[in-house]
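Enquirer: This structure is in structure tokens; I'll ask about it shortly.
The values are calculated or read from the model by the stated rules, or taken from the named source; none is laboratory data. Remember, it's a predicted structure, so these values are computed and weren't measured experimentally. All Cβ positions, even for glycine, are placed from backbone atoms using ideal geometry, and neighbour counts span all protein chains on display.
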Amino acid sequence: MPRYMLLLHEAPATGPAPDLSPEDIQAVINRYKAWRQSLGARIQLGEKLKEEGGQALRREGSAGKPGKVRILDGPYTEAKEILGGFFILEAGGYDEAARLSESCPHLDFGWIQVREIEET
């Protein structure tokens with residue numbers, strides 16, 4: 001069965017934690033756990049990414065004349081959106097992957113990009 005990566009995007013100011021109490025944060029975590037359990041073995045992996053830190057690598061130059069690799073720190077809270085986490089999901093196609101993702105609690109805090117994983 002094909003596998004899909006659900007990329008969890010959010011705006012830094014609207015992510016799940018800014019103004020929530022510890023009890024509210026635990027309630028959000030419990031919603032994610034319940035959603036994940038409802039999908040059983042279809043969810044193969046899922047992780048939240050740390051909000052601080054990270055690096056981006058970019059090669060200077062062009063495809064025909066690649067240059068030096070630049071390493072940049074980030075993402076920063078000034079960014080319009082960040083990648084906050086991911087899930088790997090088994091589904092019969094994009095339509096099914098999207099349907100299964102519609103009940104993901106993350107949609108209360110951001111948006112989900114669904115991409116099929118190409119088996120190599």
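Enquirer: Out of curiosity, is G64 at pLDDT below 85 and out of contact with any strand residue (DSSP E or B) (no Cβ under 9 Å at 6 or more places or on another chain)?
Expert: So G64 passes the test.
Enquirer: Evaluate the stretch 8-25: report whether one residue or more is in a strand (DSSP E or B), modelled with pLDDT of 95 or more and either within 15 Å of A91 (Cβ to Cβ) or charged (D, E, K, R) (or both).
Expert: no
Enquirer: Every residue in the stretch 79-93 that is touching a Lys or Arg at 6+ places or on another chain (Cβ under 9 Å) and more than 27 Å from I25 (Cβ to Cβ), please.
Expert: Result: E90, A91.
Enquirer: Could you count how many residues in the stretch 49-62 are surrounded by 10 or more Cβ atoms within 10 Å (Cβ to Cβ) and either outside any strand (DSSP E or B) or of a type in the set (S, T, Y) (or both)?
Expert: 3
Enquirer: OK, next. Any residue in the stretch 102-119 that is polar (S, T, N, Q), in contact with a Leu (Cβ under 9 Å, 6 or more places away or on another chain) and assigned to a strand (DSSP E or B)?
Expert: Scanning the stretch 102-119 turns up at least one residue that is polar (S, T, N, Q), in contact with a Leu (Cβ under 9 Å, 6 or more places away or on another chain) and assigned to a strand (DSSP E or B).
Enquirer: Another question, then. So if I check each of G84, G67, G46, which one is in contact with a His (Cβ under 9 Å, 6 or more places away or on another chain) and assigned to a strand (DSSP E or B)?
Expert: That would be G84, the only listed residue that is in contact with a His (Cβ under 9 Å, 6 or more places away or on another chain) and assigned to a strand (DSSP E or B).
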